[in-house]
Amino acid sequence: MLRRILQDEVAELYSLTGRTVLKNSSKKPFIGTDVSRLIFSACQKVFKNLATEVKVKEAVRDWLQQAKVRKMRRMQRQEKIVEGDDTSEFLE
C-alpha cells in the first residue's frame, strides 16, 4: 500500500517517529501525518483484527527504513539496462 502512495525519494525523508540514529540525518515523523492516519485506518478496515496498531507501525517502520536501499537498487537496475542497451550495438 505504501509503495503506491509514497515514492522512495519521499519515504527517505521520514522515519516512524522522527527520531534519527545518525547525527547528520534529520527525518520527519511519519506518525501524525494524514497519510499515516489513512494507512492505519485502511489496514484496520481491510485486515480487521489482524492489523493491530503495533503490527501496522512495525510494517511502516520497516518499509520507511528500507527506502534508501530500494532506491539504490532501482538505480542500479536502471544503470544495468542502460549499459545493456549500449553493448547490444556491438553484438550485431
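Of the helices (runs of 4 or more DSSP H) lying entirely inside the range 1-71, the ones with 1 or more residues being touching a Cys at 6+ places or on another chain (Cβ under 6 Å) are found at 53-65.
Pairs meeting the criteria (first residue in the range 29-58 and under 14 Å from Met1 (Cβ atoms), second residue polar (S, T, N, Q) and not in a loop (DSSP other than H, G, I, E, B), beta carbons under 8 Å, at least 6 apart or on different chains) are Phe30/Ser15; Phe30/Ser36; Ala51/Gln44; Val56/Gln44.
For the range 1-26, a residue qualifies if it is surrounded by 11 or more Cβ atoms within 10 Å (Cβ to Cβ), modelled with pLDDT under 90, within 23 Å of Arg73 (Cβ to Cβ) and not aliphatic (A, V, I, L, M), and exactly one does: Thr20.
The values are calculated or read from the model by the stated rules, or taken from the named source; none is laboratory data. As the structure is a computational prediction, the values presented were derived from the model and not from experiment. Positions of Cβ are backbone-derived with ideal geometry, glycine not excepted, and every protein chain shown enters the neighbour counts.
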